[in-house]
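Structure record follows, encoded as structure tokens.
The values are calculated or read from the model by the stated rules, or taken from the named source; none is laboratory data. The structure presented is a predicted model; accordingly, all values stated were derived computationally and were not measured. Cβ atoms come from the backbone with ideal geometry, glycine included; neighbour counts cover every protein chain shown. Heavy atoms of the whole protein, side chains included, go into the accessibility calculation; ligands, DNA and RNA do not. Shrake-Rupley method; radii C 1.70, N 1.55, O 1.52, S 1.80 Å.
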Amino acid sequence: MPRFYLNTPLNAGQRIELPDNVVRHLNVLRVRAEKEIVLFNGDGKAYPARLTTLEKRRAEAEILRADIANNESPLNITLIQSVSSGERMDFTLQKSVELGVTAIQPVISERCVVRLNGERADKRVVRWQEIVIAACEQSGRNIVPQVLPLISYQQALQQMPSEKTKLLMNLNRAQKLNQITPSSDGLIFMVGPEGGWTAQEEQQAFAAGFQAVTLGKRVLRTETAALAAIAAMQTLWGDFV
């Protein structure tokens, strides 16, 4: 059943005018009036709704009920991802949401190929949040992970909470994931850019309380590393087993 995110309060029995982007998508999918769709707004509930009107430029739906569906991972994972180039960053965000991350903090580190600031950075964060929403629509998640404002690597380290388990994808001083006992308060997982971390960045991370982890002897691309590690975490400590 098609699922759509709406940034508005939703309630059972409510009749709601659907926004233009949803109307376009419904028409592309060739959905017809009187069919059911699912709406969600990030409050953790799903709202099955019946399309009462569907025209080329207008659609209206009646919300039938509010369903509590817990599709969230038991792991609270914040992904700190150094900005990668091209479609790699988009792919990482999309798939990490499907795998269950709670929040995403993009950072600019020393070897980032992409350099963003000011209005360009703000627009990119908005675009990344749209990708996250689309991933929630596809994967059945009813809570939308937040893409936090883009900051520098040093700023990210300065605001690290002390109670969470902090993991750094890195070959130097690395342990295997199954040697880690995660905190019940959650995990912070940091992945570098295409060129990896500098020696100074490694030391800064260790000083901030990060433990290095590895997935074996092979060097993984940045987008592969993030997703493989999150999948492994879900297998070890989450809901993959």
I80 versus (1) open to solvent by 40 Å² or more (accessible area, probe 1.4 Å); (2) part of a strand (DSSP E or B): which is the lone unmet condition?
-> (1)
State whether one or more residues within segment 210-233 are open to solvent by less than 60 Å² (accessible area, probe 1.4 Å), more than 14 Å from L99 (Cβ to Cβ) and among the charged types (D, E, K, R).
-> no
Residues that are outside any loop (DSSP other than H, G, I, E, B) and either open to solvent by less than 20 Å² (accessible area, probe 1.4 Å) or more than 24 Å from A228 (Cβ to Cβ) (or both), drawn from segment 158-198 = Q158, T165, K166, L167, L168, L177, L187, I188, F189, M190, V191
Does L116 count as in contact with a helix residue (DSSP H, G or I) (Cβ under 6 Å, 6 or more places away or on another chain), more than 16 Å from Q146 (Cα to Cα) and among the hydrophobic types (A, V, I, L, M, F, W, C)?
-> yes
Are any of the residues in segment 62-78 over 30 Å from A212 (Cα atoms), touching a residue at least 60 places away in the same chain (Cβ under 8 Å) and touching a Gly at 6+ places or on another chain (Cβ under 9 Å)?
-> yes
Among what's in segment 93-105 and is touching a Leu at 6+ places or on another chain (Cβ under 7 Å) and in a helix (DSSP H, G or I), pick the residue that is surrounded by the most Cβ atoms within 10 Å (Cβ to Cβ).
-> S96
Search segment 205-225 for residues that are within 20 Å of K95 (Cα to Cα) and in a helix (DSSP H, G or I) and pair each with any residue that is among the small types (G, A, S) and open to solvent by less than 30 Å² (accessible area, probe 1.4 Å) when their beta-carbon atoms are under 9 Å apart and the residues are at least 6 apart or on different chains.
-> T222/S82; T222/S84; T222/G192; T222/G196; E223/S84; A225/G192
Matching option when the condition is in a helix (DSSP H, G or I) and either touching a strand residue (DSSP E or B) at 6+ places or on another chain (Cβ under 9 Å) or of a type in the set (G, A, S) (or both), among L39, L26, L51 = L26
Only one of V191, V113 that is farther than 30 Å from F4 by Cα, β-branched (V, I, T) and at pLDDT below 95 = V113
In segment 139-155, is there at least one residue being assigned to a helix (DSSP H, G or I), among the basic types (K, R) and over 25 Å from A205 (Cα atoms)?
-> no
Taking only pairs six or more apart or across chains, which ones have beta-carbon atoms under 9 Å, a first residue in segment 144-173 that is within 27 Å of E130 (Cβ to Cβ), and a second residue that is open to solvent by less than 50 Å² (accessible area, probe 1.4 Å) and among the acidic types (D, E)?
-> Y153/E201
Has segment 109-121 got any residue that is on the phi < 0 side of the Ramachandran plot, open to solvent by less than 20 Å² (accessible area, probe 1.4 Å) and within 19 Å of the chain's Cα centre (by Cα)?
-> yes
Please list, ordered by first then second residue, the pairs with beta carbon atoms under 6 Å, 6 or more apart or interchain, first in segment 107-134 and more than 17 Å from Q155 (Cβ to Cβ), second part of a strand (DSSP E or B) and open to solvent by less than 80 Å² (accessible area, probe 1.4 Å).
-> W128/V147; Q129/V147; V132/V147; I133/Y5
